[in-house]
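Just below is one structure, and these are the notes that go with it.
Read the figures in this text as sums done on the coordinates, not as results from a lab. Everything numeric here is computed off the predicted structure, so don't read it as measured data. A quick note on method: Cβ atoms are made from the backbone with ideal geometry, for glycine too, and the neighbour counts reach across all protein chains shown.
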Amino acid sequence: MILRVLGFGVCLSGALALASCGGSGPTTSQPAAVVDTRAADEAAIRAADLAWSKAAGDKDPVRTASFYADNAVLMVAGSPIGTGKDAIQKGFAGMMTDPKFALSFAPTKVEVSKAGDLAYEIGDYEITFSDKKGKPLTTKAKYVVVWGKQADGSWKALVDAPTSTTN
């Protein structure tokens with residue numbers, strides 16, 4: 001009886017092993033279909049822009065800097081490169097103490113990569129500072145932002161480069 005049970009167990013194990021080998025012949029596996037999320041990603045970036053511009057308009061340096069990745073770079077013409085979210089936040093905090101400071105911006109184009117991990121944006125901004133006499137000095141120009149999708153699915157600015165280009 002023991003030999004019969006052992007024999008049955010060996011046969012069953014062999015049958016399972018053969019079945020797991022895919023005895024139906026060679027198969028070709030298809031790569032998983034990549035879902036195109038570019039439209040949703042663009043909408044998420046545009047929504048982030050609205051909140052980001054509002055934070056800047058509210059003169060809130062903490063909220064303004066929260067839209068940057070930890071290793072982000074801010075490249076303002078005529079100024080040293082701001083590297084890292086903390087440095088960028090300190091820069092905004094300094095600018096926002098100016099009573100005439102105002103900043104608003106909006107994208108005119110958002111382009112998301114097919115891979116869905118990077119995007120760039122071109123837009124218009126308007127910034128106002130006090131000049132040396134305390135009068136408001138306003139600049140209207142273009143900017144470029146490079147966005148990166150984060151592990152949690154959110155989008156953060158990796159590079160922010162306001163320009164002096166006006167058209």
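Of the trypsin sites (Lys or Arg not before Pro) in the stretch 85-130, which ones lie in a loop per DSSP and count no more than 14 other C-beta atoms within 10 Å? Counting only loop positions with at most 14 other Cβ atoms within 10 Å, the trypsin sites (Lys or Arg not before Pro) in the stretch 85-130 are Lys100, Lys114.
Footprinting exposure proxy ranking of Asp49, Asp60, fewest other C-beta atoms within 10 angstrom first, gives Asp60, Asp49.
Could you work out how much longer the chain between Arg63 and Ser79 gets when fully extended? Use 0.36 nm per residue separation minus the Cα distance between them, nm to one decimal. So the extension gain works out to 3.6 nm. Determine the distance separating the Cα centre of the stretch 78-123 from the Cα centre of the stretch 36-70; give it in Å without decimals. One Cα centre to the other: 9 Å.
What value in Å³ per residue do you get for the convex hull of the alpha-carbon atoms in the stretch 84-167?
Cα-based convex hull of the stretch 84-167, divided per residue, equals 106 Å³.
Using the Cβ-Cβ distance between Lys90 and Arg46 with R0 set to 41 Å, the FRET efficiency from 1/(1 + (r/R0)^6) comes to roughly 0.90.
The modelled label-to-label distance for the pair Asp70/Ser113, using points 7 Å beyond Cα in the direction of Cβ, is 2.0 nm. The lysines within cross-link reach of Lys109, meaning a Cα-to-Cα straight distance under 23 Å and a gap of 8 or more places when in the same chain, are Lys54, Lys140, Lys142, Lys149, Lys156. For the stretch 119-148, the list of trypsin sites (Lys or Arg not before Pro) that fall in a loop by DSSP and count at most 11 other C-beta atoms within 10 angstrom reads Lys132, Lys133. In summary, the aspartates and glutamates within cross-link reach of Lys114, defined as a Cα separation below 13 angstrom excluding same-chain residues under 8 places away, comprise Asp36, Asp41, Glu42. Relative to the current alpha-carbon distance between Asp124 and Ala161, full extension at 0.36 nm per residue lengthens the span by 12.2 nm.
Using 0.36 nm per residue, how much length does the chain from Asp36 to Val144 gain when fully extended, once their Cα-Cα distance is taken away? List each step's numbers first, then the result.
Values: separation 108, 0.36 × 108 = 38.88 nm, distance 2.38 nm.
Going from the current span to full extension adds 36.5 nm.
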